[in-house]
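Bear in mind that the values in this text are calculations on the coordinates, not laboratory data. Predicted model, so just to flag it, every value in this text is computed and none were measured. Here Cβ is always computed from backbone atoms with ideal geometry, including for glycine, and neighbour counts include all displayed protein chains.
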Amino acid sequence: MPEPLISAERVPAGVGEPALAVTDLWKVFGPRADRVVGTPLADLSRADLMAQTGCVAAVRDISFTVAPTEVFVVMGLSGSGKSTLVRCLTRLVEPTSGTVLVEGEDLRGADAKRLRDLRRHRFAMVFQHFGLLPHRRVLDNIAYGLEIRGVSRTERYRRAGEVLDLVGLTGHADHFPDQLSGGMQQRVGLGRALAVDPRILFFDEPFSALDPLIRRDMQNEVLRLHHEVGKTMIFITHDLHEALRLGDRILIMRDGAAVQIGRPDEVVGAPADDYVRDFVADVPKSHVLTIRWVMRPVRDDDPLDGPELGADVVVRDAVRAVLSSSAPVKVVHDGELVGMVDDEAILRVIVAEEQ
Amino acid sequence: MTALAGTAASVRRRAGGLTRGWLVGGVVAVWVLLWIPLRGRDTLALSTSELSPLHERLNDLRDAINNTRGSSPVFSAFFDVIRESVDALTVFLQSLISQPAYGRPVPLIGWLGVVAVATFGAYAVGNLRVAALTAAGFTSFGLLGFWQQSMDTLALTLAAVLICLAIGIPLGIWAGLSDRLNRVLTPVLDFMQTMPTFVYLAPLTLFFLIGPASGVIATLIYAMPPVIRITAHGIRSVAPSSVEAGTSLGATRWQLLRSVRVPLAKRTIVLGINQTVMCALSMVTIAALIDAPGLGQVVLRALQTLDVGTAFSAGLAIVIMAIVLDRVTTAARDRVETQYRMGPRARGRRRVVLAGLGVLTAVALYLSYTYVWAAFFPGPERGGAVGGEVADGVTRASDWVQLNLGAVTDAVRNAISYGLLNPLQSLIADSPWYLVSAVVLAIAWIVAGPRIVPTAAVCLGLLVGSGLWQEAMVTLAATLVATVIVMALGVVVGVWMGRSDRADGLIRPTLDAAQVMPAFVYLVPFLGLFGASRFTAIVAAVVFAAPVAIKLVADGIRGVPATVVEAAVSSGSSAWQVITKVQLPLARQSVTLAANQGLIYVLSMVVVGGLVGAGALGYLVVAGFSQSDLYGKGLAAGLAVVLLGVLLDRTTQAAARRLDAGAAHRGLRKGKDS
């Protein structure tokens, strides 16, 4: 099993305390689940563990940190433990062992009251099946979190009204959830989460139940909201394209364990193992890889009169500049020349996609 | 793929069923061969007035309990407290609407006030349509000449329902939240519900005396389980995603209950209330046997004097009350949905109507409190405005039928009696008890497996001990005949309904309506058709039990996956082949459940049939209420009914489980093979 690729330098620069820090997190379901972690049983494969103890290790030894305002995506196929993982992060599912620090505070140490407090103020969640209350109007659904918190009626309607506009549901305040399409219902779910003004938003496969076109719409919506409100987001999905689109970084899970953690271009450009490689095989690389991944070292005979591009420019966006220039393009990072990109390198990426 | 596996499994199951069928057939053949020489020996017969030592001891026990009633602390601190508080509530409700009270010659609220309040209430919880139905229905009680009796029935039903809901809804919510409580409650509720309805009337009178309080307490036992069960089910089936969303926002347990669980389960809870109300009405009428006042008494007395006309018009009043209560509570359930969707304008309109009706109701209340014409329902003393004519008309019609269609009804009756009932009764009741016991044990083993044998043996042993073996066997024969007819109806009509949406749409409402009727009422028309006989009781039992069986079979047929049926049709099966080779085998569990429920329903009705000449256990139970000497024997007869019920219920349930387990096992093996 490859070491989880975590290092401080991967956290975007310019931040202090991480929004969320997870260390050695385990969740084992089954009889006497606590005897598994820290024993040789923990090294067994999922099937062997099931056969020997009747326990299922849904989350195995996961560690990662999320920086404030980062979008962190957890990706895996169904049964990989990603939904359990996200529930462990809000203790909707009680972790078996490990630590979860929310802005430095130990989540597992919180008593019921403190936990409720955290849920009311610090984080909010958007669910795959929406979890709306069918007997309440859209406005009351959005205001639900505030109502639980004890906010006065006028105040919560005022706030819910603002959120209604923010998530694009203006004019639907008095509708009932089942009068809305799936995409609109999820906007209500999103609005309910945003209304409590949380610092961390959890998304549990929020768009899996939606049509592909609406899903794209909603992804754009999340990107826009992230841009506007700048929340930290933990996003669970089984859809690689969604992960690549939204994620600042991606954690890939398989059978409960982390296979790889990295930026989208790292996952596509340097898959940690065959599993991830298989996964990303169909991804149009030119859309994800930055030119850093296709550049070659500078040679002495390189003409240096070509245009300059940043190392983080995506290949697709660099095509025109590279192909229209007669000289190789210089790749620059932090003001230093780090490599060269020529027509051939670009074409190799694009042609590979055609095959 | 699934379809193929399904059909393959069903083919194997058929093969298993076949060998079991042969085994049962063999047992029956041996039985008949032994019956010929042994017939009439050791049948443990006991004539009606004879008492076994057990019956005498039960009589003594009753006397002993009656004698200690005044002195024992168990009574003064427990039974009497319950009886007195239930009695207080009942008497209060009666003095409001049915009985003279507070020094007045009339109840506090006269007929006009009651009609107004009921109509207002129906509109408040339902809609204008059911309000109109309520007004018409309540007025008809007076027109039929049963105003006071109807109000007694209503008061007792209300008292029972109020207590049921006050205890049942909180308990149901708790059971919905706590797995442990649910596990404890389920068997208790099962027991309360499988006991034939009026078997526990006699023991109750021991502790709570006869009269309204006992009637209400018996009703509580019968009517409480539905609301507990259905409320718990409603709370449990609230979408987990909604609960999780609430939790993730930091809701407390109480907030979750109040703002998520209860509102989302409300519709189901109201359905539970509906069921409890219907059960309560049914039981309040039966409680006439222990002197509970009301319409049941009228029907009971009329049945005993074979006065079909009066039984019919009082029965009609019960039916009308059942329909009104059912429609109003159903409308209340539907309103749960529409209520929160109402726009502000509709809400305002509704408020205006409510206020208007409220004022009218207040006026009517005042009038009915003050003026005699609004207190006493106007009309002749006996029969009311139309009741007498209804009764006379029905009596004439019944006489006419018995005179002119006697040939037809006799032919039907004789065909079933001589073709099915007599031979079976003779085989079961005239065999020596040890032979019947051996046969029952053998058949139970074959269809339900060896684990059922001890239970069955205990039941049989206790039946022998009850001193009522032969009566029990006669009742068993009648029950089996009725169940066979019920199952024939159930399979034929159920398959039809399961396969045709139109048939379903046509028949289901009728069945639903038939199910809300109190058991009593079924006896009346058949008494008119067939006179007082065993056969009347059997037909009434069939009509009583058939709706349940038909609906279960229909739902089972509907539940067969469409893909399986499609696969069978696409491989060229005829409709008959689809039914016999795919739908019925796959719906087998439902069919077995239908047989189980059919048996229980039939058994409880066969006992009620004791009122119209069914004889055997039913007669003894009824006689035990009225004849002091037969009290112990009636009690023993009630126990015998319970024992028969347990025997039949356990065996059919074990058979169903075995079918299930067999199918699952084979499914598993099949999976491993491929």
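What area, in nm² and to one decimal, does the C-alpha convex hull of chain A cast on average over all directions?
Working: hull surface 85.7 nm².
In nm², the orientation-averaged hull projection of chain A is 21.4.
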### Query
If you wrap segment A:287-354's Cα atoms in a convex hull and average its projection over all directions, what's the area in nm²?
4.2 nm²
### Task
Would you grab the residues whose amide H sits under 5 Å from the one on A:M340? Only those 5+ places off in sequence or on another chain, please, with H modelled 1.01 Å from N.
A:R296, A:V298, A:V331
#### Entry: In Å, descending, principal axis extents of the Cα set of the protein assembly as shown
124, 77, 60
### Query
Distances over 17 Å make up what percent of all Cα-Cα pairs in segment B:156-287?
60 percent
#### Entry: Considering only chain A, percent of DSSP beta bridges that pair antiparallel, nearest 5
55 percent
## Note on the structure
The correct pair for segment A:158-311, radius of gyration to one decimal and Dmax as a whole number, both in Å and from Cα atoms, is 19.8, 70
## Note on the structure
Output field shielding_mean for A:124-135 (other chain Cβ, 10 Å radius) holds 6
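Return the average number of partner chain Cβ atoms within 10 angstrom of each residue Cβ along peptide B:259-265. The partial results should precede the final answer.
Working: counts 7, 5, 0, 0, 4, 3, 0.
Average neighbour count from other chains, rounded to a whole number: 3.
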### Query
Stretch B:L23-B:L46 to full length: gain in nm at 0.36 nm per residue minus the Cα-Cα span?
4.9 nm
### Query
Considering chain B, what Rg and Dmax in Å follow from its alpha-carbon atoms?
26.8, 84
## Note on the structure
Cα-only Rg/Rh for segment B:59-395 with Kirkwood Rh rounds to 1.01
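Give, in whole angstrom and from largest to smallest, the semi-axes √(5λ) of the equivalent ellipsoid of segment B:381-508, with λ running over the eigenvalues of the Cα gyration tensor. Don't jump to the answer; show the numbers that get you there.
Details: eigenvalues 298, 119, 56 Å².
They are 39, 24, 17 Å, listed largest first.
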### Query
What order, most packed first, do the peptides A:52-60, A:90-98 have when packing is the mean number of other Cβ atoms within 10 Å of each residue?
A:52-60, A:90-98
### Task
Return the ratio Rg/(2.2 N^0.38 Å) for segment B:245-327, where Rg is computed over Cα atoms only.
1.77
### Task
Please compute the net charge surrounding B:L620, taking Lys and Arg as +1 and Asp and Glu as -1 over other residues with Cβ under 13 Å from its Cβ.
-2
### 3J(HN,Hα) from dihedral phi, segment B:224-241, Karplus parametrisation 6.51/-1.76/1.60, rounded to Hz, x for glycine, proline
6, x, x, 5, 5, 4, 6, 4, 4, 4, x, 5, 5, 8, 4, 3, x, 5
## Note on the structure
Expected sort for A:116-123, A:321-328, B:601-608 on mean C-beta neighbours within 10 Å, highest first, is B:601-608, A:116-123, A:321-328
### Task
Pick out which of A:G30, A:G191, A:G183 has the largest mean-square fluctuation in a Gaussian network model of chain A, springs linking Cα atoms closer than 10 Å.
A:G30
### Query
Which three extents, in whole angstrom, do the alpha-carbon atoms of segment B:145-220 cover along their principal axes, largest first?
49, 24, 19
### Task
Mind jotting down the distance between the C-alpha centroids of segment A:74-96 and segment B:494-569, whole Å?
49 Å
### Message
Compute a Gaussian network model of chain A, connecting alpha carbons closer than 10 Å, and tell me which residue from A:A67, A:A110, A:A21 fluctuates the most.
### Response
A:A110
### Summary
Among A:I214, A:I62, A:I250, the residue with the largest mean-square fluctuation in a Gaussian network model of chain A built from Cα contacts under 10 Å is A:I214
### Query
Kirkwood Rh, segment B:61-151, all Cα pairs: how many Å?
15.8 Å
### Message
Step by step: find N for segment B:294-436, compute 2.2 N^0.38 Å, then divide the Cα radius of gyration by it. What's the final number?
### Response
1.76
### Query
Which whole-number percent is the relative contact order of segment B:59-395 (Cα, under 8 Å, 6+ apart)?
28 percent
### Query
From the phi of every residue in segment B:71-82, what ³J(HN,Hα) in whole Hz does the Karplus formula 6.51 cos²θ - 1.76 cosθ + 1.60 yield, where θ is phi - 60° and glycine or proline is x?
9, 6, x, 4, 6, 5, 9, 10, 4, 5, 5, 4
### Message
Which three numbers, in whole Å and largest first, are the semi-axes of the equivalent ellipsoid of segment B:429-503 derived from its Cα gyration tensor as √(5λ)?
### Response
33, 16, 9
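Antiparallel versus total DSSP beta bridges in the protein assembly as shown: what percent is that, nearest 5? Please list the in-between numbers first.
On the way: 26 of 47 bridges.
Among the beta bridges of the protein assembly as shown, antiparallel pairing accounts for roughly 55 percent.
Divide by every residue of chain B the summed helix terms, -39500 (n - 2.57) for each DSSP H run of at least 4, and state the resulting mean residue ellipticity at 222 nm, rounded to the nearest 500 deg cm²/dmol. All intermediate terms of the calculation are to be shown ahead of the outcome.
Values: 29 runs with 524 residues, N = 674.
Counting only the DSSP helices, I get -26500 deg cm²/dmol.
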#### Entry: In Hz, Karplus ³J(HN,Hα) per residue of segment B:37-47 (6.51, -1.76, 1.60; θ = phi - 60°; x = Gly, Pro)
x, 8, 3, x, 8, 6, 8, 6, 6, 8, 6
### Theoretical FRET efficiency, 1/(1+(r/R0)^6), r = Cβ-Cβ of A:V332 and A:N220, R0 30 Å, to 0.05
0.50
